[in-house]
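Taken together, the values in this text are just the output of simple stated rules run on the coordinates, not laboratory data. In this text, all values refer to a predicted model and were calculated from it rather than measured experimentally. Neighbour counts are summed over all protein chains in view; Cβ atoms, including those assigned to glycine, are modelled from backbone coordinates with ideal geometry.
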Amino acid sequence: MIQTTPLDSEEPAAMDNGNEPVEVVGDPAEVHHARGFALRREGHFELAIEAYSKAIKLNPTYAGAVEDFSKAIQLMPTNADFYHNRGFCHRKQGRYDVAIRDYSAAIELNPTHFKALYNRAFSYDKLEAFDAAIADYTAAIQVDPKNANALHNRGSTWEKMKNLPEAIQDFTMALALQPDAASTYNSRGLAYDQQGKHVLALQDFHAANRLEPQNPIFLHNRGRVRYSLYMMIEHGGGVGYCFRNMGDFDRAIVDYTEALRLEPDNVAAYSNRGYARRKQGRYDGAVDDYTAALRLDPNSTRTLSNRAYSYAKMGCLVESVADYSAVIALEGHNAYAYHNRAILYEKMGRTTLAKQDFMTAMALDQTSTTSTSKPVVTSSHPRR
């Protein structure tokens, strides 16, 4: 499952009003840093601070940025923006705990400093201090109730805490404010998917793909939920009428193919397209996809099992046995792999090996009821 993702943090605050500093396109951070240093020595403190702000805006990870804002704090120690901006430097360098200290100093000076509340929440989220992140996002939203990013990010944190109703509510409010936010549609779709509301999830993934048709993650998610709907129908689910109108394996394959065009190393897309082709009886295409997935992740027992099944359906028994043997080498406790290999050995006339595998499968079945890779062979042949 791909988790929802928080939107990036608010940028440094300018000296005068707490908004973003004016961007100087193409002017390197070093120039502004040097200008700030010269202005500070001449006693032009406000101009020096403005130059330092421009330096960090251009390059938040610039080595001199923390020093710049530390100097600014020395010049004006009661200015909340400077603590926030230094915290932003630390946050960009991945030093979230240090960033939180600076954001806290800014909030102590100005309890309604939106950017400091927002970015401290973002940093808490990165440290998996989710309760603290929720509290800060809530405070930020109280300051600016129409900030869609803060609502999206609080929703993302709720989702990580498995509080899906709250997450969906926040994503919905964010979309009311920013209806063209593809990432928020995707995030709400993921939350719906976790609730088993696959039709609603598919609607959101459709919306995300309409807004960003070249995003491979959105395409992958839409393809995945399409075959989730198919599986519900296959196992007696009551969404057949929706699925006929909203998607099928042909459409899922189109999505996975486009996702792979945009992101050729997407293991899950290969595996899932292989699954869709397998369900259509296109076993040669499924083998191709599983083989591509295994080139990227050679130790995936699930993919090996699925390729073994497809080989068996094609009558390629030797290749199928080889894949089940690879599964067993990786997972010696996998009763399904032993059982399925036994069936294949029996078909090949290798009765002694078949008997050995059947006995092993029976012994494992008595000691374990679960397996890390699902059984993959159907009907009266090797079992699922």
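Using the beta-carbon distance between THR291 and ARG350 and R0 = 22 Å, what value does 1/(1 + (r/R0)^6) give for FRET efficiency, to the nearest 0.05?
Efficiency computed from Cβ-Cβ geometry: 0.30.
Subtracting the Cα-Cα distance from 0.36 nm times the residue separation, let me have the gained length for LYS279 to LEU262 in nm, one decimal.
3.7 nm
Tell me, in nm to one decimal, what length is gained between MET314 and ASP131 on full extension, where the rule is 0.36 nm per residue of separation less the Cα-Cα distance?
60.6 nm
So which lysines pass the test for LYS54, namely a Cα distance under 18 Å, with those fewer than 8 places away in the same chain ruled out?
Qualifying lysines at Cα under 18 Å: LYS71, LYS92, LYS115.
Using packing as a proxy for protection, rank 163-172, 348-357 so that the peptide with the highest average count of other Cβ atoms within 10 Å comes first.
Descending mean neighbour count gives 163-172, 348-357.
Most exposed first by the Cβ proxy, i.e. fewest other Cβ within 10 Å, how do HIS152, HIS90 rank?
HIS90, HIS152
On a straight-distance basis, which lysines could pair with LYS313 in a cross-link, Cα separation under 25 angstrom, same-chain partners fewer than 8 positions away excluded?
Within the straight-line cut-off, LYS313 pairs with LYS279, LYS347, LYS355, LYS374.
Could you give the nm distance between label points at VAL143 and GLN178, where each point is 7 Å from its Cα heading toward the beta carbon?
Each label point is offset 7 Å from its Cα along the Cβ direction, giving 1.7 nm.
For segment 124-169, which trypsin sites (Lys or Arg not before Pro) are both in a DSSP coil and crowded by at most 15 other Cβ atoms within 10 Å?
Of the trypsin sites (Lys or Arg not before Pro), the ones in loops of segment 124-169 whose Cβ has at most 15 other Cβ atoms within 10 Å are LYS146, LYS162.
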